[in-house]
Amino acid sequence: MQEQCDIGLIGLGVMGQNLVLNMADHGFSVAAYNRTTQKVDDFAAGPAKGKSIMGFYSPGELVKNLKTPRRVMMMVKAGEPVDANIQQLAPLLEKGDIIIDGGNSYYEDTERRIKELEPHGILFMGTGISGGEEGARHGPSIMPGGSRDAWPHVQPIFQSIAAKVGPNNDIPCCDWIGSGGAGHYVKMIHNGIEYGDMQLICEAYSLLREGLALTNEELYDVFAEWNRGDLDSYLIEITRDIFSVKDPKSDRFLVDVIMDRAVQKGTGRWTAESALQLGVPTTLITEAVYARHLSALKENRVRASKLLRGPEGAVAQFRKSVDRDAFIEAVRQALYASKICSYAQGFFQMQAAGEENGWGLHYGDIALLWRGGCIIRAAFLQKIKEAFDRDADLENLLLDPYFNEVVENSQVAWRYVVSTAAQVGIPTPAFSAALAYYDGYRSARLPQNLLQAQRDYFGAHTYERIDEEGVFHSDWMQLRREPGD
(Lines give C-alpha, C1' and ligand atoms only; values in the text may rest on other atoms or scores of the structure.)
Protein backbone atom coordinates (compact mmCIF):
# COMPACT_ATOMS: atom_id res chain seq x y z
CA MET A 1 0.00 0.00 0.00
CA GLN A 2 1.46 3.35 -1.03
CA GLU A 3 2.08 5.98 1.61
CA GLN A 4 -0.47 8.81 1.73
CA CYS A 5 0.55 12.38 0.92
CA ASP A 6 0.74 15.38 3.25
CA ILE A 7 -1.14 17.74 0.94
CA GLY A 8 -2.83 17.79 -2.46
CA LEU A 9 -2.62 20.53 -5.06
CA ILE A 10 -5.00 21.10 -7.96
CA GLY A 11 -3.86 23.22 -10.91
CA LEU A 12 -0.45 22.57 -12.44
CA GLY A 13 0.18 25.91 -14.07
CA VAL A 14 3.62 27.41 -13.48
CA MET A 15 2.66 28.72 -10.02
CA GLY A 16 1.09 25.40 -9.03
CA GLN A 17 4.03 23.32 -10.24
CA ASN A 18 6.54 25.55 -8.48
CA LEU A 19 4.64 25.40 -5.18
CA VAL A 20 4.51 21.59 -5.42
CA LEU A 21 8.27 21.45 -6.04
CA ASN A 22 8.86 23.89 -3.18
CA MET A 23 6.82 21.70 -0.81
CA ALA A 24 8.68 18.56 -1.90
CA ASP A 25 12.03 20.28 -1.37
CA HIS A 26 10.98 20.98 2.23
CA GLY A 27 10.20 17.37 2.99
CA PHE A 28 6.47 17.19 2.29
CA SER A 29 4.83 14.60 0.06
CA VAL A 30 2.43 16.12 -2.45
CA ALA A 31 -0.44 14.71 -4.50
CA ALA A 32 -0.87 16.67 -7.75
CA TYR A 33 -3.84 16.83 -10.10
CA ASN A 34 -4.68 18.84 -13.20
CA ARG A 35 -7.80 18.70 -15.35
CA THR A 36 -5.58 18.14 -18.41
CA THR A 37 -4.06 14.72 -17.79
CA GLN A 38 -1.17 15.33 -20.19
CA LYS A 39 0.04 18.10 -17.90
CA VAL A 40 0.09 15.60 -15.00
CA ASP A 41 2.15 13.16 -17.06
CA ASP A 42 4.57 15.83 -18.27
CA PHE A 43 5.07 17.15 -14.75
CA ALA A 44 5.57 13.67 -13.26
CA ALA A 45 8.06 12.70 -15.95
CA GLY A 46 9.84 16.06 -15.86
CA PRO A 47 10.37 18.42 -12.91
CA ALA A 48 8.67 16.12 -10.36
CA LYS A 49 10.65 13.00 -11.27
CA GLY A 50 12.43 11.48 -8.31
CA LYS A 51 10.70 13.76 -5.80
CA SER A 52 8.03 13.02 -3.19
CA ILE A 53 5.31 13.98 -5.66
CA MET A 54 2.53 11.75 -7.00
CA GLY A 55 0.36 12.62 -9.99
CA PHE A 56 -3.33 11.71 -10.18
CA TYR A 57 -5.97 11.89 -12.89
CA SER A 58 -9.07 12.74 -10.85
CA PRO A 59 -10.03 14.64 -7.69
CA GLY A 60 -11.28 11.37 -6.23
CA GLU A 61 -7.89 9.66 -6.64
CA LEU A 62 -6.15 12.68 -5.16
CA VAL A 63 -8.41 12.80 -2.09
CA LYS A 64 -8.07 9.04 -1.44
CA ASN A 65 -4.30 9.43 -1.24
CA LEU A 66 -4.20 12.20 1.38
CA LYS A 67 -3.56 11.98 5.10
CA THR A 68 -6.35 13.18 7.39
CA PRO A 69 -7.34 15.86 7.92
CA ARG A 70 -7.09 16.15 4.17
CA ARG A 71 -5.51 19.36 2.88
CA VAL A 72 -6.33 20.24 -0.72
CA MET A 73 -4.93 23.42 -2.24
CA MET A 74 -6.29 24.93 -5.45
CA MET A 75 -4.13 27.04 -7.76
CA VAL A 76 -6.75 27.82 -10.41
CA LYS A 77 -8.17 30.94 -12.00
CA ALA A 78 -10.38 33.05 -9.72
CA GLY A 79 -14.15 32.95 -10.09
CA GLU A 80 -16.11 30.08 -11.58
CA PRO A 81 -13.16 27.62 -11.75
CA VAL A 82 -12.77 27.86 -7.97
CA ASP A 83 -16.46 27.15 -7.39
CA ALA A 84 -16.38 24.28 -9.90
CA ASN A 85 -13.48 22.61 -8.09
CA ILE A 86 -15.16 23.06 -4.71
CA GLN A 87 -18.29 21.39 -6.06
CA GLN A 88 -16.18 18.42 -7.15
CA LEU A 89 -14.21 18.21 -3.92
CA ALA A 90 -16.87 18.79 -1.25
CA PRO A 91 -18.69 15.43 -1.69
CA LEU A 92 -15.33 13.63 -1.45
CA LEU A 93 -14.26 15.24 1.82
CA GLU A 94 -15.18 14.69 5.45
CA LYS A 95 -15.73 16.90 8.46
CA GLY A 96 -12.49 18.64 9.43
CA ASP A 97 -10.93 18.40 5.97
CA ILE A 98 -9.50 21.58 4.47
CA ILE A 99 -9.79 23.30 1.09
CA ILE A 100 -7.31 26.10 0.38
CA ASP A 101 -7.77 28.65 -2.41
CA GLY A 102 -4.33 30.02 -3.27
CA GLY A 103 -5.43 32.15 -6.23
CA ASN A 104 -6.29 35.84 -6.46
CA SER A 105 -9.93 35.45 -5.48
CA TYR A 106 -12.15 38.34 -4.48
CA TYR A 107 -12.43 38.39 -0.69
CA GLU A 108 -16.24 38.43 -0.65
CA ASP A 109 -16.24 35.23 -2.72
CA THR A 110 -13.99 33.69 -0.08
CA GLU A 111 -16.40 34.67 2.69
CA ARG A 112 -19.30 33.17 0.74
CA ARG A 113 -17.43 29.89 0.22
CA ILE A 114 -16.60 29.63 3.93
CA LYS A 115 -20.30 29.94 4.80
CA GLU A 116 -21.35 27.45 2.12
CA LEU A 117 -18.92 24.80 3.39
CA GLU A 118 -19.52 25.32 7.11
CA PRO A 119 -22.69 23.14 7.25
CA HIS A 120 -20.66 20.25 5.83
CA GLY A 121 -17.90 20.68 8.42
CA ILE A 122 -15.34 21.45 5.71
CA LEU A 123 -12.83 24.18 6.55
CA PHE A 124 -11.99 26.73 3.87
CA MET A 125 -8.94 28.99 3.64
CA GLY A 126 -8.53 31.99 1.34
CA THR A 127 -4.78 32.37 1.01
CA GLY A 128 -2.98 35.15 -0.83
CA ILE A 129 0.34 34.16 -2.40
CA SER A 130 2.78 36.66 -3.86
CA GLY A 131 6.16 36.38 -5.47
CA GLY A 132 5.39 35.18 -8.98
CA GLU A 133 6.97 32.07 -10.45
CA GLU A 134 10.31 32.57 -8.72
CA GLY A 135 8.71 33.18 -5.34
CA ALA A 136 6.48 30.11 -5.62
CA ARG A 137 9.54 27.96 -6.35
CA HIS A 138 11.96 29.32 -3.77
CA GLY A 139 9.89 31.16 -1.14
CA PRO A 140 6.78 33.31 -1.58
CA SER A 141 4.98 35.64 0.77
CA ILE A 142 1.88 33.78 2.00
CA MET A 143 -1.20 35.45 3.51
CA PRO A 144 -3.55 32.80 4.95
CA GLY A 145 -7.05 33.59 6.19
CA GLY A 146 -10.45 31.95 6.50
CA SER A 147 -11.47 29.15 8.87
CA ARG A 148 -9.23 29.60 11.93
CA ASP A 149 -9.35 25.91 12.88
CA ALA A 150 -7.62 25.00 9.64
CA TRP A 151 -4.48 27.05 10.32
CA PRO A 152 -2.64 24.67 12.71
CA HIS A 153 -2.91 21.89 10.11
CA VAL A 154 -1.47 24.04 7.32
CA GLN A 155 0.98 26.22 9.26
CA PRO A 156 3.99 23.83 9.19
CA ILE A 157 3.80 23.49 5.40
CA PHE A 158 3.21 27.14 4.59
CA GLN A 159 5.81 28.52 6.99
CA SER A 160 8.38 26.02 5.72
CA ILE A 161 8.00 26.99 2.07
CA ALA A 162 7.64 30.75 2.63
CA ALA A 163 10.41 33.29 2.15
CA LYS A 164 12.47 34.01 5.27
CA VAL A 165 13.67 37.36 6.63
CA GLY A 166 15.26 38.72 9.80
CA PRO A 167 18.82 38.93 11.12
CA ASN A 168 19.13 35.15 11.07
CA ASN A 169 16.95 34.64 7.99
CA ASP A 170 14.55 32.55 10.09
CA ILE A 171 11.33 34.59 10.21
CA PRO A 172 8.83 33.18 7.68
CA CYS A 173 6.93 35.62 5.48
CA CYS A 174 3.75 33.78 6.41
CA ASP A 175 1.47 34.04 9.42
CA TRP A 176 -2.22 33.92 10.17
CA ILE A 177 -3.95 37.03 8.82
CA GLY A 178 -7.51 36.71 10.11
CA SER A 179 -10.91 35.13 9.70
CA GLY A 180 -13.22 35.25 6.68
CA GLY A 181 -11.79 36.92 3.60
CA ALA A 182 -8.93 38.63 5.47
CA GLY A 183 -6.15 36.74 3.68
CA HIS A 184 -7.44 37.53 0.22
CA TYR A 185 -8.23 41.13 1.21
CA VAL A 186 -4.67 41.72 2.40
CA LYS A 187 -3.36 40.16 -0.84
CA MET A 188 -5.69 42.49 -2.78
CA ILE A 189 -4.20 45.51 -0.98
CA HIS A 190 -0.73 44.14 -1.68
CA ASN A 191 -1.57 44.04 -5.38
CA GLY A 192 -3.08 47.53 -5.26
CA ILE A 193 0.10 48.87 -3.68
CA GLU A 194 2.02 47.00 -6.37
CA TYR A 195 0.01 48.93 -8.99
CA GLY A 196 0.99 52.17 -7.26
CA ASP A 197 4.67 51.25 -6.98
CA MET A 198 4.89 50.29 -10.63
CA GLN A 199 3.13 53.45 -11.82
CA LEU A 200 5.37 55.67 -9.67
CA ILE A 201 8.48 53.99 -11.08
CA CYS A 202 7.13 54.44 -14.61
CA GLU A 203 6.58 58.15 -13.96
CA ALA A 204 10.12 58.52 -12.60
CA TYR A 205 11.37 56.77 -15.75
CA SER A 206 9.32 59.11 -17.93
CA LEU A 207 10.65 62.21 -16.17
CA LEU A 208 14.23 61.06 -16.63
CA ARG A 209 13.85 59.80 -20.18
CA GLU A 210 11.54 62.48 -21.62
CA GLY A 211 12.70 65.29 -19.36
CA LEU A 212 16.45 64.72 -19.30
CA ALA A 213 16.83 62.43 -22.34
CA LEU A 214 18.78 59.87 -20.29
CA THR A 215 19.90 56.83 -22.24
CA ASN A 216 19.09 53.31 -21.10
CA GLU A 217 22.68 52.90 -19.94
CA GLU A 218 22.32 56.06 -17.84
CA LEU A 219 18.95 54.90 -16.51
CA TYR A 220 20.56 51.61 -15.49
CA ASP A 221 23.15 53.51 -13.45
CA VAL A 222 20.49 55.74 -11.82
CA PHE A 223 18.31 52.82 -10.75
CA ALA A 224 21.33 50.85 -9.59
CA GLU A 225 22.25 53.76 -7.34
CA TRP A 226 18.68 54.13 -6.08
CA ASN A 227 18.58 50.43 -5.23
CA ARG A 228 21.48 50.94 -2.82
CA GLY A 229 19.50 53.45 -0.74
CA ASP A 230 16.04 54.06 0.67
CA LEU A 231 14.38 52.75 -2.49
CA ASP A 232 16.05 49.33 -2.22
CA SER A 233 13.34 46.97 -3.50
CA TYR A 234 12.59 44.15 -5.89
CA LEU A 235 10.76 46.44 -8.34
CA ILE A 236 13.62 48.97 -8.47
CA GLU A 237 16.06 46.09 -8.93
CA ILE A 238 14.23 44.53 -11.86
CA THR A 239 13.68 47.97 -13.41
CA ARG A 240 17.44 48.47 -13.32
CA ASP A 241 17.93 45.12 -15.03
CA ILE A 242 15.33 45.87 -17.73
CA PHE A 243 17.42 48.82 -18.96
CA SER A 244 20.31 46.46 -19.76
CA VAL A 245 18.43 43.98 -21.96
CA LYS A 246 18.85 44.11 -25.75
CA ASP A 247 16.24 42.82 -28.21
CA PRO A 248 17.73 39.87 -30.15
CA LYS A 249 15.52 40.71 -33.14
CA SER A 250 16.62 44.30 -33.62
CA ASP A 251 19.64 44.92 -31.37
CA ARG A 252 17.66 47.80 -29.84
CA PHE A 253 16.93 47.85 -26.14
CA LEU A 254 13.96 45.57 -25.51
CA VAL A 255 12.09 48.09 -23.36
CA ASP A 256 12.05 50.49 -26.32
CA VAL A 257 10.22 48.07 -28.62
CA ILE A 258 7.53 47.09 -26.10
CA MET A 259 4.08 48.56 -26.78
CA ASP A 260 3.03 51.19 -24.21
CA ARG A 261 -0.30 49.48 -23.61
CA ALA A 262 -0.69 47.98 -20.14
CA VAL A 263 -3.01 45.17 -19.11
CA GLN A 264 -4.33 44.13 -15.70
CA LYS A 265 -6.02 41.22 -13.98
CA GLY A 266 -8.39 43.23 -11.79
CA THR A 267 -6.96 43.29 -8.27
CA GLY A 268 -6.01 46.96 -8.54
CA ARG A 269 -9.57 47.76 -9.62
CA TRP A 270 -10.93 45.71 -6.71
CA THR A 271 -8.77 47.77 -4.34
CA ALA A 272 -10.15 51.02 -5.74
CA GLU A 273 -13.74 49.74 -5.65
CA SER A 274 -13.36 48.62 -2.04
CA ALA A 275 -11.92 52.02 -1.13
CA LEU A 276 -15.02 53.70 -2.55
CA GLN A 277 -17.28 51.33 -0.62
CA LEU A 278 -15.38 51.99 2.61
CA GLY A 279 -15.22 55.74 1.97
CA VAL A 280 -11.42 55.98 2.25
CA PRO A 281 -9.20 58.07 -0.09
CA THR A 282 -6.97 55.50 -1.80
CA THR A 283 -6.30 57.99 -4.55
CA LEU A 284 -2.84 56.97 -5.74
CA ILE A 285 -3.73 53.33 -6.38
CA THR A 286 -6.89 54.46 -8.17
CA GLU A 287 -4.84 56.77 -10.39
CA ALA A 288 -2.50 53.87 -11.14
CA VAL A 289 -5.49 51.82 -12.32
CA TYR A 290 -6.71 54.72 -14.47
CA ALA A 291 -3.21 55.13 -15.93
CA ARG A 292 -3.39 51.56 -17.22
CA HIS A 293 -6.84 52.24 -18.67
CA LEU A 294 -5.51 55.35 -20.43
CA SER A 295 -2.52 53.46 -21.77
CA ALA A 296 -4.91 50.88 -23.27
CA LEU A 297 -6.38 53.63 -25.47
CA LYS A 298 -3.34 53.49 -27.74
CA GLU A 299 -5.10 54.22 -31.03
CA ASN A 300 -7.06 57.08 -29.44
CA ARG A 301 -3.86 58.58 -28.03
CA VAL A 302 -2.07 58.36 -31.36
CA ARG A 303 -4.91 60.26 -33.04
CA ALA A 304 -5.08 62.81 -30.22
CA SER A 305 -1.31 63.39 -30.36
CA LYS A 306 -1.75 64.87 -33.83
CA LEU A 307 -4.38 67.36 -32.70
CA LEU A 308 -3.73 68.25 -29.05
CA ARG A 309 -0.79 70.45 -28.16
CA GLY A 310 1.15 70.88 -24.95
CA PRO A 311 3.68 73.56 -23.95
CA GLU A 312 5.72 74.00 -27.13
CA GLY A 313 9.47 73.83 -26.62
CA ALA A 314 9.19 73.46 -22.86
CA VAL A 315 11.11 70.18 -22.64
CA ALA A 316 13.96 71.46 -24.80
CA GLN A 317 14.25 74.61 -22.72
CA PHE A 318 14.15 72.56 -19.51
CA ARG A 319 17.02 70.34 -20.70
CA LYS A 320 19.16 73.39 -21.44
CA SER A 321 18.67 75.01 -18.06
CA VAL A 322 18.36 72.13 -15.58
CA ASP A 323 21.06 70.71 -13.33
CA ARG A 324 20.76 67.05 -14.35
CA ASP A 325 22.18 65.53 -11.18
CA ALA A 326 20.02 67.78 -8.99
CA PHE A 327 16.89 66.85 -10.92
CA ILE A 328 17.67 63.12 -10.71
CA GLU A 329 17.99 63.50 -6.94
CA ALA A 330 14.74 65.47 -6.81
CA VAL A 331 12.94 62.68 -8.69
CA ARG A 332 14.36 60.13 -6.25
CA GLN A 333 13.03 62.12 -3.29
CA ALA A 334 9.66 62.62 -4.97
CA LEU A 335 9.45 58.91 -5.70
CA TYR A 336 10.17 57.97 -2.09
CA ALA A 337 7.72 60.52 -0.67
CA SER A 338 5.01 59.37 -3.09
CA LYS A 339 5.71 55.74 -2.20
CA ILE A 340 5.19 56.58 1.47
CA CYS A 341 1.80 58.13 0.64
CA SER A 342 0.84 55.06 -1.39
CA TYR A 343 1.56 52.69 1.49
CA ALA A 344 -0.09 55.05 3.94
CA GLN A 345 -3.25 54.87 1.84
CA GLY A 346 -3.05 51.08 1.51
CA PHE A 347 -2.62 50.49 5.24
CA PHE A 348 -5.33 53.04 6.04
CA GLN A 349 -7.70 51.08 3.79
CA MET A 350 -6.73 47.80 5.45
CA GLN A 351 -7.42 49.36 8.83
CA ALA A 352 -10.88 50.47 7.71
CA ALA A 353 -11.69 47.05 6.25
CA GLY A 354 -10.31 45.23 9.26
CA GLU A 355 -12.42 47.30 11.62
CA GLU A 356 -15.57 46.89 9.52
CA ASN A 357 -15.17 43.12 9.23
CA GLY A 358 -13.76 42.41 12.70
CA TRP A 359 -10.64 40.72 11.32
CA GLY A 360 -8.24 41.87 14.04
CA LEU A 361 -5.41 42.54 11.60
CA HIS A 362 -1.85 43.10 12.87
CA TYR A 363 -0.42 45.70 10.53
CA GLY A 364 3.24 45.51 11.55
CA ASP A 365 3.17 41.76 11.03
CA ILE A 366 1.59 42.23 7.61
CA ALA A 367 4.43 44.58 6.64
CA LEU A 368 6.88 41.88 7.74
CA LEU A 369 5.08 39.29 5.59
CA TRP A 370 5.78 41.53 2.60
CA ARG A 371 9.44 42.02 3.58
CA GLY A 372 10.47 39.01 1.50
CA GLY A 373 9.20 36.79 -1.28
CA CYS A 374 6.56 39.11 -2.70
CA ILE A 375 6.60 41.58 -5.60
CA ILE A 376 6.59 44.69 -3.38
CA ARG A 377 9.34 43.39 -1.10
CA ALA A 378 11.55 46.26 -0.03
CA ALA A 379 13.82 47.36 2.79
CA PHE A 380 11.29 50.15 3.32
CA LEU A 381 8.77 47.63 4.76
CA GLN A 382 10.94 47.15 7.83
CA LYS A 383 10.31 50.83 8.59
CA ILE A 384 6.55 50.18 8.45
CA LYS A 385 6.96 47.24 10.85
CA GLU A 386 8.89 49.49 13.22
CA ALA A 387 6.23 52.21 12.96
CA PHE A 388 3.46 49.84 14.08
CA ASP A 389 5.75 48.43 16.78
CA ARG A 390 6.04 51.96 18.15
CA ASP A 391 2.28 52.50 17.95
CA ALA A 392 -0.02 49.55 17.22
CA ASP A 393 -2.92 52.01 16.83
CA LEU A 394 -1.07 54.31 14.43
CA GLU A 395 -3.76 56.23 12.54
CA ASN A 396 -1.72 56.88 9.41
CA LEU A 397 1.87 56.10 8.44
CA LEU A 398 2.40 59.79 7.66
CA LEU A 399 2.05 60.50 11.39
CA ASP A 400 4.91 58.19 12.36
CA PRO A 401 8.07 60.19 13.26
CA TYR A 402 10.27 58.48 10.65
CA PHE A 403 7.88 58.88 7.72
CA ASN A 404 6.87 62.36 8.84
CA GLU A 405 10.51 63.44 8.74
CA VAL A 406 11.20 61.86 5.35
CA VAL A 407 8.21 63.54 3.73
CA GLU A 408 9.02 66.86 5.38
CA ASN A 409 12.59 66.73 4.08
CA SER A 410 11.41 65.73 0.59
CA GLN A 411 8.76 68.40 0.14
CA VAL A 412 10.82 70.96 -1.76
CA ALA A 413 12.06 68.35 -4.26
CA TRP A 414 8.64 66.67 -4.47
CA ARG A 415 6.82 69.92 -5.29
CA TYR A 416 9.53 70.93 -7.73
CA VAL A 417 9.20 67.64 -9.64
CA VAL A 418 5.39 67.72 -9.80
CA SER A 419 5.28 71.38 -10.88
CA THR A 420 8.06 70.84 -13.45
CA ALA A 421 6.18 67.87 -14.91
CA ALA A 422 3.08 70.05 -15.32
CA GLN A 423 5.06 72.89 -16.88
CA VAL A 424 6.78 70.72 -19.49
CA GLY A 425 3.76 68.49 -20.17
CA ILE A 426 4.93 65.11 -18.81
CA PRO A 427 2.00 63.27 -17.18
CA THR A 428 2.62 62.22 -13.57
CA PRO A 429 -0.82 61.23 -12.23
CA ALA A 430 0.50 59.12 -9.33
CA PHE A 431 3.14 61.64 -8.18
CA SER A 432 0.48 64.36 -8.35
CA ALA A 433 -2.15 62.27 -6.55
CA ALA A 434 0.31 61.51 -3.76
CA LEU A 435 1.13 65.18 -3.24
CA ALA A 436 -2.53 66.20 -3.38
CA TYR A 437 -3.36 63.50 -0.80
CA TYR A 438 -0.59 64.75 1.49
CA ASP A 439 -1.74 68.34 1.20
CA GLY A 440 -5.36 67.33 1.73
CA TYR A 441 -4.61 65.14 4.74
CA ARG A 442 -2.57 67.86 6.45
CA SER A 443 -5.29 70.51 5.92
CA ALA A 444 -7.42 71.26 8.97
CA ARG A 445 -9.95 72.94 6.69
CA LEU A 446 -10.89 71.97 3.13
CA PRO A 447 -13.26 73.70 0.67
CA GLN A 448 -15.97 71.08 1.11
CA ASN A 449 -17.91 73.59 3.22
CA LEU A 450 -18.80 75.16 -0.14
CA LEU A 451 -19.68 71.73 -1.53
CA GLN A 452 -22.10 71.15 1.36
CA ALA A 453 -23.66 74.55 0.73
CA GLN A 454 -24.14 73.61 -2.94
CA ARG A 455 -25.78 70.31 -2.01
CA ASP A 456 -28.11 72.01 0.44
CA TYR A 457 -28.99 74.73 -2.10
CA PHE A 458 -30.01 72.39 -4.95
CA GLY A 459 -31.22 69.35 -2.99
CA ALA A 460 -31.92 70.30 0.62
CA HIS A 461 -29.26 67.77 1.68
CA THR A 462 -28.52 69.73 4.91
CA TYR A 463 -25.19 70.65 6.47
CA GLU A 464 -23.41 70.87 9.82
CA ARG A 465 -22.05 74.04 11.41
CA ILE A 466 -18.68 74.73 13.01
CA ASP A 467 -20.23 76.74 15.86
CA GLU A 468 -23.27 74.69 16.80
CA GLU A 469 -24.20 70.99 17.08
CA GLY A 470 -26.92 69.57 14.85
CA VAL A 471 -27.99 69.31 11.21
CA PHE A 472 -29.26 72.39 9.39
CA HIS A 473 -30.97 73.46 6.19
CA SER A 474 -31.24 76.95 4.75
CA ASP A 475 -33.61 78.49 2.22
CA TRP A 476 -30.85 79.70 -0.09
CA MET A 477 -33.24 81.14 -2.67
CA GLN A 478 -34.82 83.31 0.02
CA LEU A 479 -31.50 84.38 1.56
CA ARG A 480 -29.47 84.93 -1.60
CA ARG A 481 -28.54 88.31 -3.06
CA GLU A 482 -30.21 88.91 -6.37
CA PRO A 483 -27.87 89.72 -9.30
CA GLY A 484 -27.52 93.48 -9.54
CA ASP A 485 -28.37 94.15 -5.87
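The values are calculated or read from the model by the stated rules, or taken from the named source; none is laboratory data. Note that the structure is a prediction, hence the values are computed from the model and not measured. Positions of Cβ are generated from backbone atoms using ideal geometry, with glycine treated the same way; all protein chains shown enter the neighbour counts.
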Being outside any helix (DSSP H, G or I) and within 37 Å of the chain's Cα centre (by Cα) narrows 450, 435, 446 down to just 446
Conditions (1) crowded, with 20+ Cβ neighbours inside 10 Å; (2) out of contact with any Asp or Glu (no Cβ under 8 Å at 6 or more places or on another chain); (3) on the phi < 0 side of the Ramachandran plot -> residue 383 fails only (1)
Checked pairs for segment 255-270, first touching a residue at least 40 places away in the same chain (Cβ under 8 Å), second among the aliphatic types (A, V, I, L, M) and surrounded by 12 or more Cβ atoms within 10 Å (Cβ to Cβ), C-beta under 8 Å and 6 or more apart or across chains, list as 264/289; 267/188; 268/285; 268/288; 268/289; 270/188
**Study point:** Test: residue in segment 323-338 that is touching an Asp or Glu at 6+ places or on another chain (Cβ under 6 Å), under 30 Å from residue 212 (Cα atoms) and crowded, with 19+ Cβ neighbours inside 10 Å
**Key:** yes
Of the residues in segment 4-30, those that are farther than 15 Å from residue 40 by Cβ and either touching a His at 6+ places or on another chain (Cβ under 8 Å) or polar (S, T, N, Q) (or both) come to 4, 18, 22, 29
Pairing a residue in segment 204-217 that is surrounded by 18 or more Cβ atoms within 10 Å (Cβ to Cβ) with any residue that is basic (Lys, Arg), where Cβ atoms lie under 8 Å and the two sit 6 or more apart in sequence or on different chains, gives 204/332; 211/319; 212/319; 212/324
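Residue-by-condition table, conditions (1) under 17 Å from the mean Cα position of the chain (by Cα); (2) under 30 Å from residue 315 (Cβ atoms); (3) small (Gly, Ala, Ser):
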site	(1), (2), (3)
373	yes, no, yes
384	yes, no, no
391	no, no, no
394	no, no, no
400	no, no, no
417	no, yes, no
Q: Looking only at segment 249-258, decide whether some residue is farther than 30 Å from residue 363 by Cα, touching an Asp or Glu at 6+ places or on another chain (Cβ under 6 Å) and part of a helix (DSSP H, G or I).
A: yes
All conditions in (1) loosely packed, with under 11 Cβ neighbours inside 10 Å; (2) in contact with a strand residue (DSSP E or B) (Cβ under 9 Å, 6 or more places away or on another chain) are true of residue 442 except (2)
Inside segment 124-154, the number of residues satisfying the requirement of being under 17 Å from residue 361 (Cβ atoms) and buried (at least 24 other Cβ atoms within 10 Å of the Cβ) is 11
In the set 337, 353, 330, 304, the lone residue that is without any contact (Cβ under 8 Å) to a residue 60 or more places away in the chain and in a helix (DSSP H, G or I) is 304
Flagged in segment 86-133 as on the phi > 0 side of the Ramachandran plot and at pLDDT below 95, in numbering order, are 131, 132
Restricting segment 243-268 to residues that are within 18 Å of residue 131 (Cα to Cα) and buried (at least 17 other Cβ atoms within 10 Å of the Cβ), the one modelled with the lowest pLDDT turns out to be 267
Filtering segment 439-485 for residues that are aromatic (Phe, Trp, Tyr) and closer than 30 Å to residue 344 by Cα leaves a count of 2
Only one of 130, 147 is touching a Leu at 6+ places or on another chain (Cβ under 7 Å) and of a type in the set (S, T, N, Q), namely 147
| Looking at segment 112-123, is at least one residue touching a Pro at 6+ places or on another chain (Cβ under 9 Å) and either of a type in the set (Asp, Glu) or surrounded by 24 or more Cβ atoms within 10 Å (Cβ to Cβ) (or both)? | yes
When restricted to 73, 54, the only residue more than 29 Å from residue 194 (Cβ to Cβ) and surrounded by 15 or more Cβ atoms within 10 Å (Cβ to Cβ) is 54
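Table: residues versus (1) more than 19 Å from residue 417 (Cα to Cα); (2) over 16 Å from the mean Cα position of the chain (by Cα).
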site: 259; (1), (2): yes, yes
site: 271; (1), (2): yes, no
site: 290; (1), (2): yes, no
site: 302; (1), (2): yes, yes
site: 308; (1), (2): yes, yes
site: 321; (1), (2): no, yes
site: 331; (1), (2): no, yes
site: 338; (1), (2): no, no
In segment 153-177, residues that are within 22 Å of the chain's Cα centre (by Cα) and part of a loop (DSSP other than H, G, I, E, B) total 6
Subset of segment 8-29, residues surrounded by 24 or more Cβ atoms within 10 Å (Cβ to Cβ) and among the β-branched types (Val, Ile, Thr), comes to 10, 20
*Is it true that residue 420 is surrounded by 13 or more Cβ atoms within 10 Å (Cβ to Cβ) and either over 30 Å from residue 209 (Cα atoms) or acidic (Asp, Glu) (or both)?*
no
